[in-house]
Amino acid sequence: MDVTVKELQSELAEKEEEIRRLKQLLNMREDQEERLKVYISPEVDVGDKTYHERLSNADISRYSRQLILPEFGVTGQIKLKSSSVLVVGAGGLGCPAAIYLAAAGVGKLGVVDYDEVELSNLHRQILHTVDRVGVSKSLSVAQSCFRLNPSVLYIPYQLQLNSTNALDIIKSYDVVVDATDNVATRYLLNDACVLANKPLVSGSALRFEGQPPPPETVTNCSEGGVLGVVPGIIGSLQALEAIKIASGMEPSFCQRLLLFDGLDGTFRNIKLRSRSKSCSVCGEKPTILKLIDYEQFCGAGATDKNPDLHVLSDSSRISAKEYASMLNDRVPHVLLDVRPAVELDICKLPHPALNIPFPLFNKNISQVASQIMQVVNDQCHSTTEQPDGSTIQVVCVCRRGNDSQLAVDLLQKKLLSTGVNLVDIRGGLYSWTKQVDADFPTY
Amino acid sequence: MALSITVEFSGGAELLCGNVKKHSLNLPKQEHKWKIRDLLVWIRDNMIQERPELFMQGDTVRPGILVLINEADWELMGELEYELEENDRIVFISTLHGG
């Protein structure tokens, strides 16, 4: 009896904590909507430039360590205070860029991001906090920066920058920092800054003219992985360059590119060619005179969210729930996990799996197919109670349910004659967490 | 006489050749001087282990790969027509990433 009461009490406490957290989230959301209304409403003029003639005593105390730098000094500080910087992207690059710009005393800081904070962002997007999971990233960055330096005017934009709004937003800023995570927005920003004649400080990539690269060759943090401190270093460098430009100092990376290899710990400073006369945006006879559709141009979306593929027909797919009942009923099958080996260390389904990472399918499908057939055959022999003549099913799984479809598709073509029944789990491990086991980790 | 140079891949381009970044090459003797144009084909045929289309498109590198010749953008050096010298350092960097 005592035990039950205690259990219930602790459950109650947990639920109350949950309610408190959700209330807080709700408050922030409402607060956020209020503030965004003020900031983004066209009637409120936030684009006006403010010129400052002198520094206040509070400014002098706050910025004293940089005021005594002869290269920067009072002149630089006043210029910085009179200037505005737009940071596009409130993620791994945008967080360090924004916080240093705010700390240094830029006059107005705009932050653009359509996305909301997720737990998997926090290892690199260091201005967000646990209690702001689910809150707008642009607002979260503005709030963190405000705590460090309330004298800056912060303008969060919770929107996706696109061809229709980019020029309007950019025109009221002096310097633009590209801290985005996708190719389409990078091209858009490049062209918008050329058209609006604004300096663009780009982190991580360059050379946006010419043909776009095939989208499958561009990786992002959510697919390729990243150690959090690496974008931190690059974002800090972007802030430094933006501060130099805004305060009238000599920029360092005009016609230069700095490359950092975090694994080797090496920097490489590269000389670039100057503007190309034949460039379609900034050349002598430009053909791009207004912004185009960059998602279409790049053949890739303007987010780092991975699109869901639809490769397999419904008959070749099972839901996570269906797989759970297969496990429950002890239906003999082979589980094929096509994630990279390192990801199996993070989590795996509660059934022994054959791990063949997906890249191997493209590399040598014949070898992969025969490896799978061997496991299938071994299992056929060891299973005494074989269901009436039917072959053993191969169930393929990956993180989100894209690679698993491609893998099944390749295998089906290869193993057509064998009669092996191949299916994938729709939505991969994500849907396992959603439908079957809420305690199963997502990453 | 063979020509020895260093070739490096980074920014993700190293994944195309077994995740090895730095390679010392001894290019075989050939009739005319080795140009970057010849080197690209040689690398594609002898070093790229998978998906060569992610390295080359037509007779040049695919868009998004930056080529450096001794720390300078290859567009400053004559691109495909640059003639390789002993001990040159050629770097291929995949430049488009996330944030």
Restricting to the range A:106-122, what's the tally of residues that are surrounded by 22 or more Cβ atoms within 10 Å (Cβ to Cβ), more than 14 Å from every other protein chain (Cβ to nearest Cβ) and under 21 Å from A:LEU153 (Cβ atoms)?
4
So how many residues does the range B:34-64 have that are within 27 Å of A:ARG186 (Cβ to Cβ) and of a type in the set (S, T, N, Q)?
2
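Yes or no: B:GLY58 among the small types (Gly, Ala, Ser), over 10 Å from the mean Cα position of the chain (by Cα) and more than 10 Å from every other protein chain (Cβ to nearest Cβ)?
yes
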Taking helices (runs of 4 or more DSSP H) that fall entirely within the range A:87-204, which contain at least 2 residues that are within 17 Å of the chain's Cα centre (by Cα)?
A:94-104, A:137-148, A:183-196
Any residue at all in the range A:273-285 that is loosely packed, with under 15 Cβ neighbours inside 10 Å and in contact with a strand residue (DSSP E or B) (Cβ under 8 Å, 6 or more places away or on another chain)?
yes
Under 6 Å by Cβ, and 6 or more places apart or on different chains, what pairs join a residue from the range B:10-29 that is more than 14 Å from chain A (Cβ to nearest Cβ) with one that is surrounded by 19 or more Cβ atoms within 10 Å (Cβ to Cβ) and assigned to a loop (DSSP other than H, G, I, E, B)?
B:LEU27/B:TRP34
Across (1) touching a Cys at 6+ places or on another chain (Cβ under 8 Å); (2) within 12 Å of chain B (Cβ to nearest Cβ); (3) of a type in the set (A, V, I, L, M), A:VAL338 clears everything bar (2)
For the range A:146-199, give me the residue count where each residue is surrounded by 18 or more Cβ atoms within 10 Å (Cβ to Cβ), of a type in the set (D, E, K, R) and touching a residue at least 40 places away in the same chain (Cβ under 8 Å).
4
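Tell me, which helices (runs of 4 or more DSSP H) lie completely within the range A:360-443 with 1 or more residues that are under 28 Å from the mean Cα position of the chain (by Cα) and at pLDDT 90 or above?
Here the list reads A:403-414, A:428-435.
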Keeping to the range A:245-271, report how many residues are in a strand (DSSP E or B) and either surrounded by 12 or more Cβ atoms within 10 Å (Cβ to Cβ) or of a type in the set (Asp, Glu) (or both).
9
Scan the range A:341-359 for residues that are part of a helix (DSSP H, G or I), surrounded by 12 or more Cβ atoms within 10 Å (Cβ to Cβ) and within 14 Å of chain B (Cβ to nearest Cβ) and jot them down.
A:PRO359
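The values are calculated or read from the model by the stated rules, or taken from the named source; none is laboratory data. None of these values were measured; they are calculated from a predicted model. Cβ sites come from the backbone with ideal geometry, for glycine too, and all protein chains shown count toward neighbours.
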